[in-house]
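Okay, so here's the structure we're looking at.
Please treat every number below as a calculation from the coordinates, not as lab data. Just so we're clear, the structure is a prediction, and the values are computed from it rather than from any experiment. Note that we place each Cβ from the backbone using ideal geometry, even for glycine, and neighbour counts take in every protein chain shown.
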Amino acid sequence: MGRMGVLKLLCAIGFLAVLASNVWSISRWSESRGVYDDICYLRQAHLFERFGLRGIDTNVTFDDDHKNGLKAIGYAEWHDVKRAPCHPFIPAVNKYVLQYPPGTGFVLSLFPTGFQAIPLYVLANVTIFAFALLALFRAREPASLALAAVFGFAALYLMINPSKASYSVPPTMMVCAAAGFLTAKLFVVRQQRRLLIIALVGLLIGLSVNFRLPNLFLAAGYGLCLAGAFLIARSKETFLQGLVFGSSFLIGIAPTLIANAINAGSPFSTTYGSVDAVPPELNASVLLSYLVDVQFTLLAISAGWTAWLWRSDRGRARGVALLLAANLAVNLIFFMTHPIFTHYYIIPIDMLSLWTLLFATLDLQADKSAFPKPASA
C-alpha cells in the first residue's frame with residue numbers, strides 16, 4: 001500500500017470514529033423532546049402505520065395519538081383541535097390538516113413505533129459516511145485527498161448540528177448527497193447515460209420536496225439551465241433532456257401533489273397556514289440572522305467554490321458551475337426574502353451545491369492528472 005493508500009485508510013478510520021460518535025449521541029436522543037414539529041411528523045408516521053397509504057389524509061378527526069403527545073408535553077390546549085399545533089384550518093376542504101408534506105412521516109413510519117427518529121438519523125449518518133468514503137477514495141493526489149477529508153469530516157459533523165433541528169433534514173441530506181454526486185456526472189458522460197442521470201436527478205429532487213416543501217427550489221437551477229440549453233440549441237437532444245427532467249421531477253413530487261389535493265382541495269394549494277404562507281419581503285433581522293449563522297458560511301463557500309470552478313479551463317466544469325450559480329441565486333432570493341429564519345432553511349441548497357462541487361472538483365483534478373497540460377515551449 002502506497003503513501004496515498006495509507007492516508008486514505010487513516011482518513012477512513014477518522015470518518016468511522018466520527019460516525020461512531022454520532023451514533024452514540026443519537027442513541028441517547030428522545031422522541032419526546034417537547035417540540036411541536038416532532039409530534040406532528042410522528043403523527044403523520046402513525047397515520048401511515050394505521051391506514052397504510054390512506055394515511056396521506058391528515059384530517060385531525062382521525063387523531064387517536066396526537067392529543068396524547070400534546071398532553072404529554074404539557075400543552076394546555078391539547079383537547080382543542082382548533083388549537084392543535086401544525087394543523088391549520090383549510091376552508092376549501094373544511095378541516096384541520098397537517099401542514100407538512102407526507103415524505104418525512106412516511107420515512108419515519110418505516111421504523112418501529114417509539115423508535116423512529118433514532119434509526120432515521122443513524123441511516124442518514126451512514127449514508128453520508130458512505131458518500132464521504134466514495135469521495136475519499138476517488139481522490140488521486142494529495143490536494144484532492146485533503147479536500148475530500150476535510151469535506152467528509154464537516155459533512156458528518158453537520159449530521160448532528162443543525163440536522164437534529166427537524167426530522168425533515170436527515171432524509172433531505174441523503175437526497176442532496178446522492179443528487180450532488182449525480183449532478184457532477186451530467187457533463188462528463190455520453191448522451192445515452194446523460195438522459196438516465198438527468199432522470200435520476202429529477203426524481204431525487206422531486207422526492208426531496210416530499211420532505212420539505214421549499215426543496216422545490218432545488219430544481220430551479222436545473223430547470224433554468226435545461227430550458228436555456230434548448231432555447232440556444234433548439235435540438236431534439238436538449239428537448240429530451242428537459243422533458244426527462246420535468247417528467248421525473250413530477251413523478252418525484254407526486255405524493256405531495258396527491259396530499260395537497262386531499263388535504264387542501266387542489267394539488268397546487270398549500271396546506272401551510274398564514275404564518276408560513278407569507279409574501280416575500282426584505283427583513284433586516286432575518287438577513288442579519290443568516291449572516292451570523294453557519295448556513296451563510298456554507299453558502300459563501302459554495303459561491304466562492306462555484307466561481308473557482310467557472311474559472312477552470314474545462315468546458316464541462318463551467319456547465320456545472322453555471323447550473324450551481326443559477327440554483328444558488330434562486331434559492332438565495334427566496335430564503336432571504338422569506339420573513340422567517342430557521343437554522344436549517346438553506347442547509348439543503350448548501351449541501352446539494354457542496355456535494356456537487358466536491359465530486360466535480362475531484363473529477364476535474366483526476367482529468368488534469370491523467371491529461372496534464374503540455375509544457376510551454
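Descriptive notes on the structure:
- Any cysteine of the chain lacking a neighbouring Cys Cβ under 4.7 Å - listed by number: CYS11, CYS176, CYS225
- Of the DSSP H helices in the chain, those with a Cα length along their own long axis of 30 Å or more and a mean Kyte-Doolittle hydropathy reaching -0.5 comprise 3-27, 117-138, 236-264, 315-336, 347-370.
- Assigned charges on the beta-carbon of Lys, Arg, Asp, Glu; the chain dipole about Cα centre (debye): 1220
- Base-10 log of normalised Debye intensity for the stretch 1-73 (one unit scatterer per alpha-carbon) at q = 0.17, 0.21, 0.25 Å⁻¹: -0.73, -0.91, -1.05
- Computed from the C-beta positions of ALA227 and ALA72, the FRET efficiency with R₀ = 45 Å rounds to 0.35.
- Pairwise FRET efficiency - LEU110 versus LYS236, Cβ, R0 = 25 Å, nearest 0.05: 0.05
- Among 14-27, 94-107, the peptide with the highest mean count of other Cβ atoms within 10 Å heads the list, and the full ranking is 94-107, 14-27.
- Annotation: extensible slack from ALA17 through ILE251 equals 80.4 nm (criterion: 0.36 nm per residue apart, minus Cα-Cα distance).
- Ordering of 80-89, 43-52, 204-213 by packing [mean C-beta count within 10 Å, highest first]: 204-213, 43-52, 80-89
- Counted over the chain with a bin width of 20 Å, the fraction of Cα pairs per bin, in whole percents, is 26, 56, 16, 1, 0.
- Using a Förster distance of 22 Å, the FRET efficiency for LEU287-ALA154 (Cβ separation, nearest 0.05): 0.35
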